[in-house]
Amino acid sequence: MINLLLVDDNFSVRDTLKDFLEFFYNDLNIFMAKNGKEAINLVENNKMDIVISDQMMPDMKGSDFLASVIDKLRADKAWIYIYSGQLTEELRIDFKDYGEVKVIDKFTNPMFFKEIIENYKVAVTN
């Protein structure tokens with residue numbers, strides 16, 4: 001099973017992405033968090049393989065969440081993605097010291113999330 005964490009304060013975004021991924025895969029264990037605090041707790045208590053987080057959330061920015069758990073995620077060798085509907089270039093600059101964090105546009109084609117899973121599966125089998 002692949003442990004995947006979805007972090008977004010918008011329920012419909014979280015739920016839609018979860019349903020989309022579960023349509024294609026039955027080997028995903030999807031954890032969902034509605035804010036950075038919940039996400040930190042899930043990361044601290046579980047080994048995550050893939051983390052996909054929104055940047056703009058009310059309690060804590062996605063970048064702050066990731067910065068607080070980056071050592072654990074590195075130890076877990078997690079693939080880390082952060083998305084935003086704005087400021088993607090600023091996020092790339094913010095994460096220049098975190099080479100493992102990939103910044104993506106929130107409005108990217110949903111098939112991109114499927115590609116993340118496919119690429120992860122190829123990487124772990126090689």
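Looking at (1) surrounded by 18 or more Cβ atoms within 10 Å (Cβ to Cβ); (2) at pLDDT below 95; (3) over 21 Å from S12 (Cα atoms), which is the only condition L73 fails?
(2)
Has the range 79-101 got at least one residue that is of a type in the set (S, T, N, Q) and at pLDDT 90 or above?
Within the range 79-101, none of the residues are of a type in the set (S, T, N, Q) and at pLDDT 90 or above.
For the range 40-55, state whether one or more residues are crowded, with 16+ Cβ neighbours inside 10 Å, of a type outside the set (K, R), part of a loop (DSSP other than H, G, I, E, B) and modelled with pLDDT under 95.
So far as the range 40-55 goes, yes, one or more of its residues are crowded, with 16+ Cβ neighbours inside 10 Å, of a type outside the set (K, R), part of a loop (DSSP other than H, G, I, E, B) and modelled with pLDDT under 95.
Taking the range 1-47 as the search range and keeping residues that are of a type in the set (A, V, I, L, M) and without any contact (Cβ under 8 Å) to a residue 40 or more places away in the chain, which one is farthest from P58 (Cα to Cα)?
Once the filter is applied, the top-ranked residue is M1.
The values are calculated or read from the model by the stated rules, or taken from the named source; none is laboratory data. Here the structure is a predicted model, which means the values were calculated and not measured. We place every Cβ from the backbone using ideal geometry, glycine too, and count neighbours over all the protein chains shown.
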